[in-house]
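Note sheet for the following structure.
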Amino acid sequence: MGIIVTQGDASCFRKLFKRGEAEKGCMVDGVLYPFGEISRTENCLTCSCSKYELHCCTLYTTPVSYDKESCKVIFNEKNCDYEMVPKNPSKECTQYARVG
């Protein structure tokens, strides 16, 4: 029996607004969101929106170190996460690292 501990931070970005640029909220991927906290956008981001700036981070991390010959990675939009799926159902996928 083993315990695996993963550490990872999602990737983030920040956009500063010019005066009057964000009068009604923040535009994220073509959708206008009201000022305040955005728990989840359509593209799996969590954001903080003010008339001065938009700060967003992904809700997922991406697997980078795994057996690419035995496994494939599929993005699950409903869960906002990547799933590792064995190419051969009789084998298991082992994940070593993720990045944001």
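Nothing in this text is a laboratory measurement; each read-out follows from the coordinates by a stated rule. Nothing here was measured: the structure is a model prediction, and the numbers come from that model. Because the Cβ atoms are built from the backbone with ideal geometry, glycine has one as well, and the counts that use them run over all protein chains shown.
Take each peptide in 49-56, 73-80, count the other Cβ atoms within 10 Å of every residue, and average; sorted highest first, the result is 49-56, 73-80.
Send over the Kirkwood Rh of the chain, from the inverse of the averaged 1/r over different Cα pairs, rounded to one decimal Å.
On the way: mean 1/r = 0.0638 Å⁻¹.
Result for the chain, one decimal place: 15.7 Å.
Residue separation of Phe13 and Lys87 scaled by 0.36 nm, minus their Cα-Cα distance, works out to 23.2 nm of gained length.
Across the stretch 55-60, computed HN-Hα scalar couplings (Karplus, 6.51 cos²θ - 1.76 cosθ + 1.60, θ = phi - 60°) run 10, 10, 9, 5, 8, 9 Hz from first to last residue, x flagging Gly and Pro.
Near Glu77, once Lys and Arg are set to +1 and Asp and Glu to -1 for all other residues with Cβ below 15 Å from its Cβ, the sum equals -2.
Of all lysines in the structure, the ones whose alpha carbon falls short of 26 Å from that of Lys51, not counting any fewer than 8 places away in one chain, are Lys15, Lys18, Lys24. Convex hull over the Cα atoms of the stretch 12-58, averaged projected area in nm²? So the mean shadow area of the Cα hull is 2.8 nm². Largest GNM mean-square fluctuation among Pro63, Pro34, Pro89, using the chain with Cα springs under 10 Å: Pro89.
Under a Gaussian network description of the chain, with springs only between Cα atoms under 10 Å, the residue in Leu59, Leu45, Leu16 that fluctuates furthest is Leu16.
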